[in-house]
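The values are calculated or read from the model by the stated rules, or taken from the named source; none is laboratory data. Please read all numbers here as calculations on a predicted model, not as lab measurements. Every residue, glycine as well, gets a Cβ built from its backbone with ideal geometry; the counts of neighbours run over all protein chains shown.
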């Protein structure tokens with residue numbers, strides 16, 4: 001892996017760990033700050049809201065800053081926000097620092113992907129996106145458990161301090177290795193907003209939201225699905241999550257290779273496979289061996305679609321990819337928020353097992369968008 005791409009991937013690893021680790025240390029945070037678990041859970045919401053709002057706002061506001069200082073500045077804000085979280089004197093300040101940490105993440109992802117892809121050999125754009133996305137995989141399956149262990153043994157403040165230190169180390173590597181580049185906006189900044197008026201860009205963002213919302217709903221409620229429906233003991237859930245994470249790493253690599261060969265066709269087939277897998281999970285969830293295999297398969301397919309979706313946004317956006325990618329990241333956060341709400345509605349209604357067919361149906365809407373995009377692409381080629 002080229003050093004600039006590796007350094008950006010390591011920053012993504014640090015940012016992802018900082019985003020997801022709060023879920024593992026919620027009880028410690030709630031007890032130390034004398035707030036309820038639901039109140040502590042709003043720290044997750046604050047981060048997500050920061051990403052949703054910050055994606056378009058920060059990207060437009062920083063569009064004329066050259067890439068290397070922009071990337072360094074975004075990382076600096078993240079490091080400062082995580083360090084401030086570590087020393088926050090109370091719940092209100094911690095809420096504000098989590099919002100600040102999330103505020104720059106969507107723009108960083110967008111600029112990092114655009115920068116990495118600009119160094120990729122022809123025909124390897126999606127594989128390069130997959131290398132950046134590997135930091136996301138590792139942050140979930142390695143960084144989050146490690147951060148949780150730190151929080152349980154040394155206190156939750158040590159977790160955020162560790163995230164700040166880790167991200168700082170990656171920041172130094174970025175500053176040394178990432179080449180200088182022009183600003184992400186080469187023309188008037190307001191002109192960059194026109195990218196969002198393109199139908200193919202809007203379809204690509206819709207593909208990300210609709211294609212992911214189903215499987216994100218499953219992952220959000222994976223513990224009750226595996227324990228209450230499949231009958232696994234609660235103590236086996238961390239191992240099952242590692243199985244899911246191993247599938248995610250495999251899927252990330254596979255998805256990048258497939259998207260490089262045939263972008264929209266591969267996304268169409270992967271979404272079809274994901275829809276079928278979720279349907280099969282619904283039918284076979286009561287059989288533990290089948291559930292174990294399908295947990296791995298779901299991890300593979302959930303992350304195999306990521307490189308292609310990001311690359312589709314870039315190709316649709318043309319010369320102004322950063323804003324489209326940032327809005328795409330914000331859209332994914334909206335999908336995650338909707339998934340948490342939707343899963344709760346399903347559990348209160350038909351029950352937890354019904355999450356599987358609902359997720360499959362939602363994935364079908366993403367497949368429909370992929371088919372529409374593919375038809376438009378064919379029409380353009382034929383014209």
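Every condition in (1) surrounded by fewer than 22 Cβ atoms within 10 Å (Cβ to Cβ); (2) part of a helix (DSSP H, G or I) holds for residue 232 except the one numbered (2).
Which of the residues spanning region 259-289 are surrounded by fewer than 16 Cβ atoms within 10 Å (Cβ to Cβ) and within 20 Å of residue 128 (Cα to Cα)? Selection gives 261, 262, 265. Of the residues 112, 126, 106, 86, the single one that is within 20 Å of residue 264 (Cα to Cα) and in contact (Cβ under 8 Å) with a residue 60 or more places away in the chain is 126. Taking region 153-163 as the range and being in a helix (DSSP H, G or I) and either surrounded by fewer than 22 Cβ atoms within 10 Å (Cβ to Cβ) or on the phi > 0 side of the Ramachandran plot (or both) as the test, the residues that pass are 153, 154, 157, 158, 161. Summed over region 172-192, residues that are surrounded by fewer than 16 Cβ atoms within 10 Å (Cβ to Cβ), modelled with pLDDT of 70 or more and either part of a loop (DSSP other than H, G, I, E, B) or not assigned by TED's automatic domain parsing to the domain that holds residue 114 (or both) total 2. Condition first: modelled with pLDDT of 80 or more, more than 25 Å from residue 19 (Cα to Cα) and either more than 24 Å from the chain's Cα centre (by Cα) or assigned to a helix (DSSP H, G or I) (or both). Can you find one or more residues in region 203-210 that meet it? Yes, because at least one residue in region 203-210 is modelled with pLDDT of 80 or more, more than 25 Å from residue 19 (Cα to Cα) and either more than 24 Å from the chain's Cα centre (by Cα) or assigned to a helix (DSSP H, G or I) (or both). Of everything in region 17-33 that is surrounded by fewer than 24 Cβ atoms within 10 Å (Cβ to Cβ) and at pLDDT below 90, the residue that is nearest to the chain's Cα centre (by Cα) is 20. Confirm whether residue 311 is under 20 Å from residue 282 (Cβ atoms) and either surrounded by 24 or more Cβ atoms within 10 Å (Cβ to Cβ) or touching a residue at least 24 places away in the same chain (Cβ under 8 Å) (or both). In short, no. From the list 246, 338, exactly one residue is under 21 Å from residue 134 (Cα atoms), touching a residue at least 12 places away in the same chain (Cβ under 8 Å) and surrounded by fewer than 20 Cβ atoms within 10 Å (Cβ to Cβ). Which is it? Every option except 246 fails the conditions.
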